[in-house]
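Right, one structure below, let's go through it.
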Amino acid sequence: MFTGTASAAPTWGPLAPPNPHLGPVGTSTMHGDAGSSDGTPLPGPGTGPVGATQIPLFSACPTLLEGSDGRVVALCTAIAGQQPTVHLLDADSSRSVASLPLAKGSLLGGVYAYLDDDNRLVAVDGNRQLLRIGHSADSVFVDSTVDLSGAVPSGDAVTGLVPDWHGNVWFATGRGVVGTVDSAGVARTITLPVGEQVQNSISASPAGVSVATTHALYQLSADADAAPRIDWRHDYDRGPARKPGQLSWGTGSTPTYFGPDTGHDYVAIVDNDDPRVNLLVRRVDTGDLICTIPVLTQGGPGSENSPLGVGNSVFVASTYGYPYPTVPDGAGPAVPASAPFAGGMTRVDVDDSGCRVVWDNAVRSAAVPHLSTADGHLYTAVRKGLPLATPLDGFTFAVIDPDTGAVISETGEPGTIVNDTLQMSALITSRGDYLQGTITGLVRVRAAG
């Protein structure tokens, strides 16, 4: 729920209760919290003067996380060799002061990670090892390891990772294995139907864990012995093929928990229907469908990004036509092979009686948007240039009014392809910085003064 107007700093929320096995709310997962809301209780740089600083890491950096100690940990993929690498960033300069290479896996394997309540990065490497990676003031090190080679088949890779409220670590693999690792390091798994892949991350709420495959949306929970079980499953329209600007054939969504009462009343994804995609919202407790509503009618008809959900509002950003430099093995051809990147965002409000579109715009968001419940602003990066994206395009920092969809502040000079934000998720830090991963490192946007 919200009151007031964006200019008066409206109240948005609630967010779901904090997961006790994660680091701070808003900074401990790629999408901010266990429920992948992409909301944060921290204020961003705001709409005043800002300074932007490029931080070269010679890597694409999709995962930027901050622990309770105020240190930012980045999980990046090096340009040379595509090796996953953990970087510890200096608190003031945001530059790397220590790094740790990890075993290489699939393109998406190792991208999704989180910070636990001891400020350790939890990730699965290409050798199917569940790693808890700690840090000191100037070093990064493996604190503990759990061997998942008996639970994750050879040739498969973990794509999604999240803790539940009981401390079990849940994982999902590209080929549809879903498992838990309990506090003793014992893994238990189930295998989803043949042909169903998991190409995005997974989400957790006090009610359970949500997994979106290339065919269906699932709600799961753990038995008394921590074994995963399926509570409900529902197919969605996956469309006739992968669309340009998507990395798999099916939904591009990490499931989003949100809601006006508990912060996890509902779960949402975007389907891959053709010619127009739909936002799907279901009740978490029963799986009942609240609504199926067309979105992105002013922009491109497809999204690889997780919806943003806070209170009774969901925000969907288009990635249709976005020129990703590569796609995962087995993704299949895009139909059509390419398309202009038109952009587009939609806000939908939800209650138990259904959904309604509040606004549609044509903003060319080039990153996962984040909503600050502290200052009432929607933050993202915008791709500047002609609709047919080229290496000459620039990228700017934008603040959007979530009440109207209007861009209320935009800062930055057009850059080059090294600034490509690649539809990656940003981090709003405890000091109010906006850190945005790029194809070569990150950009830090900080309020001037």
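The values are calculated or read from the model by the stated rules, or taken from the named source; none is laboratory data. Quick caveat, the model's predicted, so the values are computed rather than measured. In this analysis, Cβ positions are derived from the backbone assuming ideal geometry, glycine residues included, and neighbour counts consider all displayed protein chains. Just so you know, the surface numbers come from the protein's heavy atoms only, side chains and all, with ligands and any DNA or RNA stripped out. Shrake-Rupley method; radii C 1.70, N 1.55, O 1.52, S 1.80 Å.
Taken together, the residues in region 1-39 that are under 19 Å from S205 (Cα atoms), modelled with pLDDT under 95 and of a type in the set (G, A, S) amount to 2. Being open to solvent by less than 10 Å² (accessible area, probe 1.4 Å), aromatic (F, W, Y) and assigned to a strand (DSSP E or B) is a property that holds for F315.
Looking at G405, is it of a type outside the set (V, I, T) and surrounded by fewer than 24 Cβ atoms within 10 Å (Cβ to Cβ)?
Working: of a type outside the set (V, I, T): yes; surrounded by fewer than 24 Cβ atoms within 10 Å (Cβ to Cβ): yes.
Yes: the conditions hold for G405.
Those strands (runs of 3 or more DSSP E) of region 377-437 in which 3 or more residues are more than 19 Å from the chain's Cα centre (by Cα) occupy 394-400, 407-411.
Within region 133-148, identify whether any single residue is open to solvent by less than 30 Å² (accessible area, probe 1.4 Å), in a loop (DSSP other than H, G, I, E, B) and of a type in the set (A, V, I, L, M), and answer yes or no. Yes, some residue in region 133-148 is open to solvent by less than 30 Å² (accessible area, probe 1.4 Å), in a loop (DSSP other than H, G, I, E, B) and of a type in the set (A, V, I, L, M).
Residues of region 177-203 that are among the aliphatic types (A, V, I, L, M), open to solvent by 10 Å² or more (accessible area, probe 1.4 Å), in contact with a Leu (Cβ under 8 Å, 6 or more places away or on another chain) and in a loop (DSSP other than H, G, I, E, B): none at all. Here is the figure for region 61-72: residues that are open to solvent by 10 Å² or more (accessible area, probe 1.4 Å) and aliphatic (A, V, I, L, M) total 1. Residues in region 48-70 that are at pLDDT 95 or above, under 15 Å from G432 (Cβ atoms) and in contact with a strand residue (DSSP E or B) (Cβ under 8 Å, 6 or more places away or on another chain): L64, E66.
G160 meets each of the listed conditions (1) part of a strand (DSSP E or B); (2) of a type in the set (G, A, S); (3) open to solvent by 20 Å² or more (accessible area, probe 1.4 Å) apart from (3). Residues that are assigned to a loop (DSSP other than H, G, I, E, B), more than 18 Å from S37 (Cβ to Cβ) and touching a Ser or Thr at 6+ places or on another chain (Cβ under 8 Å) within region 243-294 comprise P244, G245, Q246, S248, W249, G250, D271, N272, R276, V277, listed in sequence order. Quick check, is A339 open to solvent by 10 Å² or more (accessible area, probe 1.4 Å) and out of contact with any Ser or Thr (no Cβ under 9 Å at 6 or more places or on another chain)? Taking the combined requirement at face value, the residue satisfies it. Checking each residue in region 95-132 for being hydrophobic (A, V, I, L, M, F, W, C) and closer than 15 Å to D69 by Cα picks out L115, L121. Taken over region 273-300, the criterion of being out of contact with any Asp or Glu (no Cβ under 7 Å at 6 or more places or on another chain), surrounded by 24 or more Cβ atoms within 10 Å (Cβ to Cβ) and under 17 Å from W249 (Cα atoms) is satisfied by L279, G300. Any residue at all in region 358-367 that is open to solvent by 10 Å² or more (accessible area, probe 1.4 Å), acidic (D, E) and either without any contact (Cβ under 8 Å) to a residue 12 or more places away in the chain or not in a loop (DSSP other than H, G, I, E, B) (or both)? Within region 358-367, one or more residues are open to solvent by 10 Å² or more (accessible area, probe 1.4 Å), acidic (D, E) and either without any contact (Cβ under 8 Å) to a residue 12 or more places away in the chain or not in a loop (DSSP other than H, G, I, E, B) (or both). Note on region 77-93: among residues that are of a type outside the set (A, V, I, L, M) and under 21 Å from D118 (Cα atoms), the one that is surrounded by the most Cβ atoms within 10 Å (Cβ to Cβ) is H87.
Could you tell me which of the residues T262, T256, T292 is over 30 Å from S149 (Cβ atoms) and without any contact (Cβ under 8 Å) to a residue 24 or more places away in the chain? Write out each step before concluding.
On the way: T262 fails: without any contact (Cβ under 8 Å) to a residue 24 or more places away in the chain; T256 fails: without any contact (Cβ under 8 Å) to a residue 24 or more places away in the chain.
Result: T292 is the single residue among T262, T256, T292 that is over 30 Å from S149 (Cβ atoms) and without any contact (Cβ under 8 Å) to a residue 24 or more places away in the chain.
Within region 412-436, being over 27 Å from V348 (Cα atoms) and at pLDDT below 95 holds for G412, E413, P414, G415, T416, I417, V418, N419, D420.
The residues of region 163-176 include none that are open to solvent by less than 10 Å² (accessible area, probe 1.4 Å) and over 20 Å from S36 (Cβ atoms).
Suppose we keep only residues that are touching a residue at least 60 places away in the same chain (Cβ under 8 Å) and open to solvent by 20 Å² or more (accessible area, probe 1.4 Å) within region 342-355. Which one would you say is farthest from D265 (Cα to Cα)? Steps first, answer last, please.
Keep residues of region 342-355 that are touching a residue at least 60 places away in the same chain (Cβ under 8 Å), which gives 345-346, 348, 350-352, 354-355.
Those still in the list that are open to solvent by 20 Å² or more (accessible area, probe 1.4 Å) too: 351-352, 355.
Working: D351: 10, D352: 10, C355: 14 Å.
Only one residue fits best here, namely C355.
Among residues of region 204-238 being among the hydroxyl-bearing types (S, T, Y) and outside any loop (DSSP other than H, G, I, E, B), the one that is surrounded by the fewest Cβ atoms within 10 Å (Cβ to Cβ) is S221. So, G309, is that one over 24 Å from D393 (Cα atoms), out of contact with any Pro (no Cβ under 7 Å at 6 or more places or on another chain) and not in a loop (DSSP other than H, G, I, E, B) or not? Considered against the rule, which asks whether it is over 24 Å from D393 (Cα atoms), out of contact with any Pro (no Cβ under 7 Å at 6 or more places or on another chain) and not in a loop (DSSP other than H, G, I, E, B), G309 comes out as yes. Every condition in (1) assigned to a loop (DSSP other than H, G, I, E, B); (2) closer than 13 Å to T380 by Cα; (3) open to solvent by 10 Å² or more (accessible area, probe 1.4 Å) is met by V443 except one, and the failing one is (1).
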